[in-house]
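Structure first, then comments.
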Amino acid sequence: MIRVLFVCLGNICRSPMAEAVMRDLIEKEHLNDKIEVDSAATSSWHVGEPPHRGTQDKLKEYGISTTGMRGRQLQQADVEKFAYIIGMDESNIRNIRTMLGDPHSPKIFRFLDLTEHHKDVPDPYYTGDFQETYDLVREGCQALLVKIKQELL
């Protein structure tokens, strides 16, 4: 089982969007028994809360469920549990590495570095642009799924 953890600041916009999109792609590829995904925050601000209404609405447009998803904070145990710990932006990456005490682990990387964009995923909590975030998250998830499928061969 390959486990993937998406991480952002609050775990209500970007990382739960990535979790939901990735789950949808995994289900469509019939890989549920091989890949598991979750999401977390570097902060504790929204622990226990569902995804942001904008995230829920955008995912609903594409028929992607957020049922049962609740915000949680990154934990030390995550470094052992997950094969990939993926931050949505450079600030997230710095915080993840500090929180987990693992400054050089290759399992920790910025999400869009898997794509041609090599940039941060903008936070729609501040930009209000959930469509741009969705488009980038979908592209990142597709690239990650290609990478993981190569490992599964």
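Values quoted throughout were computed directly from the atomic coordinates according to the rules given, and no laboratory measurement underlies them. Computed from a predicted model, the values in this text were never measured in an experiment. All Cβ positions, glycine included, derive from the backbone under ideal geometry; neighbour counts span all protein chains shown.
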Quiz item: Given (1) at positive phi; (2) touching a residue at least 12 places away in the same chain (Cβ under 8 Å), where does Gly68 come up short, assuming only one miss?
Solution: (2)
Practice problem: Kindly list the number of the only condition in (1) farther than 19 Å from Thr55 by Cβ; (2) part of a helix (DSSP H, G or I); (3) touching a helix residue (DSSP H, G or I) at 6+ places or on another chain (Cβ under 9 Å) that fails for Leu136. | Solution: (1)
Quiz item: So is Arg23 basic (Lys, Arg) and either within 18 Å of Leu145 (Cβ to Cβ) or buried (at least 23 other Cβ atoms within 10 Å of the Cβ) (or both) or not?
Solution: yes
Quiz item: Here are some conditions: (1) over 16 Å from Pro16 (Cβ atoms); (2) free of Cβ contacts under 8 Å to residues at least 40 places away in the same chain; (3) touching a helix residue (DSSP H, G or I) at 6+ places or on another chain (Cβ under 7 Å); (4) not in a loop (DSSP other than H, G, I, E, B). His118 meets all but one. Which one does it not meet?
Solution: (4)
Exercise. Please work out which one of (1) touching a strand residue (DSSP E or B) at 6+ places or on another chain (Cβ under 6 Å); (2) among the acidic types (Asp, Glu); (3) without any contact (Cβ under 8 Å) to a residue 40 or more places away in the chain is the condition Glu27 fails and give its number.
Key: (1)
Exercise. All but one of (1) out of contact with any Cys (no Cβ under 8 Å at 6 or more places or on another chain); (2) touching a residue at least 12 places away in the same chain (Cβ under 8 Å); (3) surrounded by 17 or more Cβ atoms within 10 Å (Cβ to Cβ); (4) not acidic (Asp, Glu) hold for Gln56, so report the exception by its number.
Key: (2)
Practice problem: Restrict the check to the range 34-53 and report whether at least one residue is under 24 Å from Ile148 (Cβ atoms), surrounded by fewer than 20 Cβ atoms within 10 Å (Cβ to Cβ), among the aliphatic types (A, V, I, L, M) and touching a residue at least 40 places away in the same chain (Cβ under 8 Å). | Solution: no
Exercise. Might you let me know whether the range 122-133 holds any residue that is surrounded by fewer than 13 Cβ atoms within 10 Å (Cβ to Cβ), on the phi > 0 side of the Ramachandran plot and touching a residue at least 24 places away in the same chain (Cβ under 8 Å)?
Key: yes
Self-check item: Criterion (of a type in the set (Gly, Ala, Ser) and buried (at least 20 other Cβ atoms within 10 Å of the Cβ)) met by exactly one of Ser65, Ser15, Ser91
Solution: Ser15
